[in-house]
Amino acid sequence: MEFQQLKYFLEIANYLNFSKAGRALHISQSALSMVVKNLEEELGVRLLDRSTKRVALTDAGEILKIYSENMMHTLQELQGALGRVTDSKIGKVRLGLPPVIGATFFPGIIAKFHDIQPQITVEVTEEGSKLIERLIGDGDIDLGAVVLPVNESQFESITLVNRQLNLVVNSDHPLAKLKEQVSIQSLRGERFILFRRGFALYERVRDACIQNGFAPNIVFESSSWDFISEMVSEKQGIAFLPDAVCKKINLTRCTVINNIETPIPWDLALIWRKNTYLSFVTKTFIDFIQNEFAHHHDFQY
């Protein structure tokens, strides 16, 4: 039994006239008769009484009409629902954000997206970049904003911003008065305050130190940039933070140094699992984020 057969049967049941039903459907009376015959053979019941001049529904025909109307109504609802989904009007996007990235760039973006697409929910998971990569790989979230690089064989990516980390020291630190470039090598022996393991910034800073011949003396780890900046204010060590975060810290007690001899990159990208299905709402969100970062100067250098 096919929907097309039920559609034809409903026209016959409504008109109770093969000629009128045929004109409405733009098919011949003989074709409609064949449809009814095939349905009766398939269902094993008689659907129409044609023993008199007027066509009438049998008891089985009445039942099939009711169920056919319900099925057609359900089909229309299904088509409408699919249409809304393909128009990217309803659904959910699961987004992973490291705390620094989330606090810096995304509150305004998510709010603006919700204003434009109020029936799309953005569900945020806040973790470090490395854990976000794992969550995407396991299918637990759809997208993540992370610090590059990532495994290109596993993830698709769109670069959003290209920046570098700034050195943050207490305002009484000797480096705060230095006018020349600061080299990474000159930081040997300093006390480092880093984002905790699992955050890309931990690896960026540690790798930069190792490449310059020493392992950093890490005295504190945190997932909170404001805690890190406050610890620097209290003369507990030095830190590397993104420039967007540096704009928010207390500069009366800290000094931000961006004149680094070998800058540590902080390149932000939106990533998702390679060779995976992306829902219409997820694609809509990706396009929106890409457009926001491309057209807003505040997100650029």
* To do: Scan region 10-17 and give yes if some residue there is at pLDDT 85 or above, touching a Leu at 6+ places or on another chain (Cβ under 9 Å) and exposed (fewer than 13 other Cβ atoms within 10 Å of the Cβ), otherwise no.
  => no
* To do: Among the residues of region 35-86, count how many are modelled with pLDDT of 85 or more and not in a helix (DSSP H, G or I).
  => 10
* **Condition check for Ala200: out of contact with any helix residue (DSSP H, G or I) (no Cβ under 6 Å at 6 or more places or on another chain) and more than 23 Å from Thr252 (Cα to Cα)** => no
* Scope region 30-48; condition surrounded by 13 or more Cβ atoms within 10 Å (Cβ to Cβ) and over 53 Å from the mean Cα position of the chain (by Cα); matching residues -> Arg46, Leu48
* To do: Being part of a strand (DSSP E or B) and surrounded by fewer than 18 Cβ atoms within 10 Å (Cβ to Cβ) is the filter; apply it to region 87-110 and report the residue that is modelled with the lowest pLDDT.
  => Gly91
* Asked: Any residue at all in region 138-147 that is surrounded by 17 or more Cβ atoms within 10 Å (Cβ to Cβ), touching a strand residue (DSSP E or B) at 6+ places or on another chain (Cβ under 7 Å) and modelled with pLDDT under 90?
  -> yes
* **Flag if Asn217 is surrounded by fewer than 20 Cβ atoms within 10 Å (Cβ to Cβ), in contact (Cβ under 8 Å) with a residue 40 or more places away in the chain and farther than 14 Å from Pro263 by Cβ** => no
* Any hit, region 245-261, residues being in contact (Cβ under 8 Å) with a residue 24 or more places away in the chain, surrounded by 13 or more Cβ atoms within 10 Å (Cβ to Cβ) and within 15 Å of Ala145 (Cβ to Cβ) -> yes
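The values are calculated or read from the model by the stated rules, or taken from the named source; none is laboratory data. Predicted model, so just to flag it, every value in this text is computed and none were measured. Using ideal geometry, Cβ is built from the backbone for each residue, glycine included, and neighbour counts are taken over all protein chains shown.
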